[in-house]
Amino acid sequence: MTIELNPWLIAYVLIFLFTTTTETAVALLNIRHLRESSTDVLKLFSGYIGTSELQESRLYNADLGRFGIVEHIADNILFIFLLLTGVFQWYSAKLLGLNPILGGLVFFGGIGFLFFLFGLPLGYYECFVIEEKYGFNTRTRKLWTTDTLKSLVLGAILGCALLLAILLLIRYGGSTWWLWGWGIFLAFQILIVLIYPTLIAPIFNKFTPLEDDELKAKIKHLLELYGITLRNVYQMDASKRSTHSNAYFTGLGKTKRIVLFDSLLKNHDEEEILAILAHEAGHYRGRHLYKQLALLAGVSFVFFLLASRLISWGPLFQVFGFTKGSPPYVGLFILAILWKPAGFFISPLISSLSRKYEKEADLFAMKAMGSGHAPARALKKMARDNLANLSPHPLYVWLHHSHPPLAERIAALEEGGKS
């Protein structure tokens, strides 16, 4: 099936190529910046990261960067190939005899499964070549396979549930279906946040109450000073899969909990762990999760409003080579197609807000700990243990980074710690 090029489709392809080329160029610039970045940054990490560690960090991040470029380009080539050769359109035509709701589930499920299969060798390479090369991977091939299958099944169940609700609303919800759909989408996102700590995360990892009672008491005391009460603090068997270390605050209401990687507990002292958790508490006190949900609500409102106007608009279907009378789920797919390059222009705003929240959380941690020394030490150790990119290129930070550069964060903490 061949697709007839038209001015609007050509414009879309040109925008798509522009975003892909720009992202690739910025990624290459970031890799080059790794080689050219000054060793002056080592002064900030004195005693934690030396010349050899910096060189290994550069090699690791260069390998990750090149892999990311290949993955991004390969994914985009597959997508644009399927679009311009008419595979998507052929697939939708084959499903026209099905009930529109069942057809929508099969249509999106088939495309999702195709891209899942396409990504398998790339995911395998990242885990067992790059991560293993630098000593991070501890996952067996059996565990990787199990995790992959679990992710597939879980994604299919959750994705089908949400898509089914939207398709039913389109079919039976009348002209206001999009408003109800928007509400269900938001409720679904909140539900995921609520059930993630107790139902989803345990599918992959084992969570047990923190074994160090003294540390647990200090954590609870620190959090209670700022009005944060927790039923328990958990440690996770992260080292079963990777030596990377981290901690996070998750959940809402009664499901909220703090989780510490077992690798973090092994590599950090008590004061550093408290500083890391103070940073996470800063996110909670700053209501950053609620603000992110509010942003998601605004963006998704626009998406559903556009969907209500466009999912049955024949000319739009014809622009992308679909038949004019295609089912509404094809309209949803076309909106997803349009959203793909649109994300390039939206992501810098989202990344900028995220970096702002991280700075606020760092400031909170500094105040909670009485100085910036312990938070800075914790960041230095995490940078060393994770071979982090200490000073990424500013353009790459602007486009992708949810956190400010480590050198910038540590300098701000140490300056605050001296005041």
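No lab work stands behind these numbers, since they all come straight from the coordinates. Since the structure is predicted, the reported quantities are computational estimates derived from the model, not experimental observations. Cβ placement follows ideal geometry from the backbone for every residue including glycine, while neighbour counts extend to all protein chains displayed.
Peptides 326-332, 25-31: what's the order by average Cβ count within 10 Å, highest mean first?
Working: 326-332: 23.1, 25-31: 17.6.
Taking the mean over residues of other Cβ atoms within 10 Å, the ranking is 326-332, 25-31.
Treating each Cα of segment 207-283 as one equal point scatterer and applying the Debye formula with no solvent, the log10 of I(q)/I(0) at q = 0.16, 0.20 Å⁻¹ comes out as -0.52, -0.83. Computed from backbone phi with θ = phi - 60° and the Karplus coefficients 6.51, -1.76 and 1.60, the 3J(HN,Hα) list for segment 124-129 is 5, 4, 4, 6, 9, 10 Hz; x is used for glycine and proline. Karplus-based coupling profile of segment 339-347, in residue order and whole Hz: 6, 4, x, 4, x, 4, 7, 8, 4, with θ = phi - 60° in 6.51 cos²θ - 1.76 cosθ + 1.60 and x standing for Gly or Pro.
A cut-off of 5 Å between modelled amide H atoms, ignoring neighbours fewer than 5 places along the same chain, links S242 with T138.
So, in Å, what gap is there between the alpha-carbon centers of segment 187-241 and segment 1-73? A separation of 34 Å, based on Cα centres.
Which aspartates and glutamates have a Cα lying under 13 Å from the Cα of K216, excluding residues fewer than 8 positions away in the same chain? Hits, sequence-local ones excluded: E224, E270, E271.
Backbone geometry of segment 301-317 corresponds, through the Karplus equation with coefficients 6.51, -1.76 and 1.60 at θ = phi - 60°, to 3J(HN,Hα) couplings of 4, 4, 4, 5, 4, 4, 4, 5, 8, 10, 5, 10, 8, x, x, 5, 4 Hz, x marking Gly and Pro. Between the amide H of V233 and those of L210, distances stay under 5 Å, these residues lying 5 or more places away or on another chain, with hydrogens modeled in the peptide plane. Put simply, the Cα atoms of segment 46-96 extend 65, 16, 10 Å along their principal axes, the longest span coming first. Specify whether the C-alpha gyration tensor of segment 94-240 places it in the rounded, prolate or oblate class, a ≥ b ≥ c being the square roots of the eigenvalues: rounded for a/c under 1.5, otherwise prolate if a/b is larger than b/c and oblate if not. Since a/c reaches 1.5 but b/c is at least a/b, the shape of segment 94-240 is classed as oblate.
Test of understanding: ordering W398, W182 by Cβ neighbours within 10 Å, fewest first, what list do you get? Working shown, then result.
Details: W398 15, W182 21.
Final ranking by Cβ density, sparse to dense: W398, W182.
When Rg and the Kirkwood radius Rh are both evaluated on Cα atoms of segment 262-379, their ratio Rg/Rh stands at 1.26.
Given the -39500 (n - 2.57) contribution per DSSP H run of 4+ residues, what per-residue ellipticity at 222 nm results for the chain, rounded to the nearest 500 deg cm²/dmol? It would help to have the intermediate numbers written out before the result.
Values: 16 runs with 292 residues, N = 419.
Calculated at 222 nm, the ellipticity per residue is -23500 deg cm²/dmol.
Rg(Cα) of segment 106-171 divided by 2.2 N^0.38 Å?
Numbers: Rg = 15.6 Å, N = 66, 2.2 N^0.38 = 10.8 Å.
For segment 106-171, the normalised Cα radius of gyration is 1.45.
Looking at the chain, what % of the alpha carbon pairs are farther apart than 26 Å?
Details: 55274 of 87571 pairs.
That fraction is 63 percent.
How big is the Cα convex hull of segment 1-135 in projection, averaged over all directions, in nm²? Could the numbers behind the result be given before it?
Numbers: hull surface 47.0 nm².
Mean projected area of the Cα convex hull: 11.7 nm².
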